[in-house]
Each structure stands twice: as structure tokens, then as C-alpha cells.
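Heads up: the structure comes next, in C-alpha cells.
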Amino acid sequence: MRFCALALCLSAAVFAEAPLAVSDLVGMVASALAVDRDDQRIARALEPVRLRERLANSTIDMLRQMGAGPATVRQLQALASKSRALPPPSEEPIAIAPQPSASERAAMVEAMRRYASGYLASLPDFVCTREARQFRTAVTRRLSPAMSGPSTRVAAEVDKRWRAAGSYTAEASFVGGTDHYKLTLIDNRPTTKSFDQLQQKVSWGEFAGALKEVFGSGPNFEWDRWEVTGGRRSAVFTYYVDPGHSGYWICCPRVVTAHRGFVYADPQSGAVRRIIIYATGLTDSSPTTAGGHVVDFGEVAIGDNRYLLPRSSVAYSRTGATESREDIDYRGYRKFGADATVVFPTADQPQP
């Protein structure tokens, strides 16, 4: 599995489109807190939010316990005040209680493991369009006001706002149990380049890689909470994969790292609806100092059947003072046929 640049952030553009259910707001904030804990940036992204349901103080308290910072909490409290006259959510969007018993938790974990072990074998060969929009934070240089003359110091100043850094589109296929990608557009222009010629950090591996990496290493799962995801109640478990069992790597240069995160699953069937992965063990001296990935699964039709497959994902990375993010959408799922082209890995195009 290869996740070359990993990122996660809240997008103000998404928030501004339409009034949100409280569960959608919780899911976005919870995902951001799992990877990108820039309190001021999350708070700014909440400013244009409009809700269609009442945000309760108990929900804000849960998000605070999960790591929401003071600026984020203030914005959430402002949203709660504006939403007082709105109807309450039909179900508590995030809750610890009622906590399942030890036997119930074990049954849920076993259902998740069964689902993951049979998931890839159940999928047909398919192809879809994978569209990625890239963003960066900027590092600017300025003269230190305290110095002048030949010894003037140049200081780096980080702009925390996300700035568009291009886009690319690929034909993504799942054939023979493996992900394959063919780059088709760069900044909406046709291209014959490969991913390695793109000269930008990119992420891939969401079809086969994420589930294999999280469940294939036999991690222990620990109960965390209940959360409403996509209108359905999900059981949320934490996991950890140590360096010796990890196949999760970031670049560049290539570094295999331990990772931890969350798995959101249907409590009965074990069907996985969301995976949050973030790298652990990175330090300020590492080439990449932070990384994470969120994959959201949704029901799609391929032929006469329906499957849970990636519908969107967000990837985040930090290298030095510069942060990178990719917002990825998956559309146009269809059966793999003669009109599709599989690009198999070569020496300069590593296996996803």
C-alpha cells in the first residue's frame, strides 16, 4: 500500500454549500481532530457553517473531550446559539453510552474482521474516475525588523490558509484484487505522464490498501464511541499497528511508519463505513513530520449489484513548515471492460 502524501482538513467550501445535519458536522470535526489539530484553522472553517438541526452542548462537550481546542469550541458554541430554534437530531450524533458489554464488543470486532476478510474477494473487477484537488500552505520569507544591513536575518512565516495547488484525474481500476491507476488529466488538461512524473506528492491505495493495512496486521481493536455516519449509527473502534507489522509508508524519502486510527463500522454486519489512519512515531527531524488519511465508503451500483466502495477521501501531510492536502472524489463506477486500460507497476512506478 502506498500513501505518498497524507492529509486531512475541514473545507469551508463544503460547509458553505447547504445546511448540515449535526452528525455531518460531528464527522467532519472528529476527522480533522484525528489528524490535523490546527485549532485556529478548524475554527475558521466552521465560520460559514449553517445547521438544519439543533447543536446541543452535550455534543460540544464530547468534541472537546476528543481534542477540540478553545477556538473551535467557541465557534461550536456560536453555532449552538444560532441553532436553538431548530429541531433536535433524530438520534444523538455522538455518544459514549450505552457502552456495549465485553461480549457485544467482541462480537462487533469479529463481525468487522469477517467483513474485511471477505470484502476484497466479494468485489468485481471495476473501474472509476478518481479526481483529486490539491492544496498547500505557504511559507513566506521576510526581513527581521530588528536587524538591518548585511547581517539582516530572514525569517520564515507560515500562512496557515489552504491555497489551491492544482488537480489531477486518474482512471482508477480494481483488477485481480489490486488497485491500478492511469493518469488522464493534470489541471484539467489531457496528459500522458505517469504518477512518478507528476513531481508532486500524491496518495493512492484506497480500494485494497486501507482495509488490508488496518485488518491484515491483526491489530487489537478498542471500543471508543457511537457516532452517526451517513445517517446510520456506527460503532467506532480505535486500533494500532506497530512498526514491525506496518506496511504503511510515506515519502519522500520512503519511510515505513507505525499508524493508529479509527474504524467506523455497522454494529451488526461489521461493514466498514469509514477508516481514519494517521502516522505515528514521526518527529520534527523526520522528512515528513505528520501524515494521515480518511476514507469514506458509500453504496455504489456496479452492474446489477451494490457495494460499499470509497466515495471520498482526504489526505494530509506536513513536511517542515509546509502542509499539503488532497481532497479526492470517486465517481462513475462501472464494470471493468475492454474500454479500460490497466497500468501495471513498473520499476519507476511502484506497486500501490
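The values are calculated or read from the model by the stated rules, or taken from the named source; none is laboratory data. Since we're looking at a predicted model, the values are computed, not measured. A quick note on method: Cβ atoms are made from the backbone with ideal geometry, for glycine too, and the neighbour counts reach across all protein chains shown.
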- Note on the structure: Considering the stretch 127-147, residues that are modelled with pLDDT of 80 or more and polar (S, T, N, Q), and then whichever is nearest to the chain's Cα centre (by Cα), we arrive at GLN134
- Query: Is it true that ARG74 is touching a Pro at 6+ places or on another chain (Cβ under 7 Å) and at pLDDT 95 or above?
  - Reply: no
- For the stretch 331-352, which residues satisfy the criterion of being in contact with an Asp or Glu (Cβ under 8 Å, 6 or more places away or on another chain), modelled with pLDDT of 85 or more and within 20 Å of ILE186 (Cβ to Cβ)? ARG331
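Which of the helices (runs of 4 or more DSSP H) contained wholly in the stretch 16-130 include at least 1 residues that are outside the structural domain of ARG273 (by TED's automatic domain parsing), of a type in the set (Gly, Ala, Ser) and surrounded by 14 or more Cβ atoms within 10 Å (Cβ to Cβ)? Talk me through it step by step, then tell me what you get.
Working: elements: 22-35, 39-46, 57-65, 70-82, 102-122.
Fully inside the stretch 16-130 and qualifying: 22-35, 39-46, 70-82, 102-122.
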- Which residue, of PRO98, PRO124, PRO150, is more than 30 Å from ARG52 (Cα to Cα) and either modelled with pLDDT under 90 or touching an Asp or Glu at 6+ places or on another chain (Cβ under 6 Å) (or both)? PRO150
- Query: Taking the stretch 310-322 as the search range and keeping residues that are surrounded by 21 or more Cβ atoms within 10 Å (Cβ to Cβ) and in contact with a Phe, Trp or Tyr (Cβ under 7 Å, 6 or more places away or on another chain), which one is modelled with the lowest pLDDT?
  - Reply: ALA315
- Message: Any residue at all in the stretch 250-270 that's under 20 Å from PRO310 (Cβ atoms), small (Gly, Ala, Ser) and under 17 Å from the mean Cα position of the chain (by Cα)?
- Response: yes
